[in-house]
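What follows is a short report on a single structure.
The values are calculated or read from the model by the stated rules, or taken from the named source; none is laboratory data. The structure displayed is predicted, hence computed values, not measured ones. Cβ: placed from backbone, ideal geometry, glycine included. Neighbour counts: every protein chain shown. All accessible areas refer to the heavy atoms of the entire protein, side chains included, with ligands and DNA or RNA removed. Shrake-Rupley method; radii C 1.70, N 1.55, O 1.52, S 1.80 Å.
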Amino acid sequence: MSRENKKIVFFIIFLSFVVLIVLFAKMTIFTPTITPESEERKVAGLIIQFRDGVSEQEAKDIFGNYNLTRYKIDYNVYDMPDNYYIIIDKDKIMDVRDELRNENWTESTPAIEKGNYYIITKGNYYIITISEQAINDKNFLSILEKYNLQVKKFVYCHIHFSEHSLSGISEKHANNLKSELEMNENVFTVYFESIEE
């Protein structure tokens with residue numbers, strides 16, 4: 001081979017290596033990777049706890065503001081662990097809570113797990129959930145009478161984002177909805193329904 005041909009062969013081999021290196025570099029740069037957003041947990045539904053007396057139409061109107069009426073919605077769900085509550089002014093909360101604790105009507109374990117009481121702050125008052133057994137107890141009723149309190153019943157609605165096991169909405173979107181819904185005076189709390197894995 002002549003010297004000129006050797007140069008041409010060397011140049012072709014060199015260019016081939018450069019092309020391979022560039023292709024390899026592009027593949028690693030543009031290879032799709034899993035981002036934290038795509039790994040984010042999904043929420044299958046929301047359980048919304050409304051104040052006593054909220055009608056189905058009022059709930060629909062609230063949900064319409066957030067474009068939630070396009071999902072399947074169960075209104076006035078009855079099989080929730082905590083159905084009753086009392087509303088207490090901020091200036092009375094310590095006294096009422098202490099008396100309830102003394103009568104053993106309150107516990108520190110989470111309400112959803114055990115069906116025990118929990119306190120929600122809403123504006124200038126507190127909401128304390130009450131078990132069904134408490135509303136018929138004479139000691140509990142005397143505490144209500146002493147502080148001029150009435151037992152009320154939550155209205156629960158369940159929004160289903162998914163009928164399938166692995167779809168739903170992102171947890172980030174669900175948190176935004178929760179924050180916005182809980183600003184409404186008729187909504188006390190919003191719970192997430194997790195997707196079963």
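Could you tell me whether R97 is modelled with pLDDT of 70 or more, part of a helix (DSSP H, G or I) and under 30 Å from F188 (Cβ atoms)? When the stated conditions are applied, R97 passes them.
Residues of the range 64-83 that are part of a strand (DSSP E or B) and open to solvent by 40 Å² or more (accessible area, probe 1.4 Å): K72, D74, Y75. Checked against (1) hydroxyl-bearing (S, T, Y); (2) open to solvent by less than 50 Å² (accessible area, probe 1.4 Å); (3) more than 30 Å from Y71 (Cα to Cα), S167 passes all but a single condition, namely (3).
The residues listed here are D79, D61, D52, D74; of these, the one that is at pLDDT below 90 and of a type in the set (D, E) is D79.
Scanning the range 167-197 for residues that are assigned to a strand (DSSP E or B) and of a type in the set (S, T, N, Q) gives S170, T189, S194.
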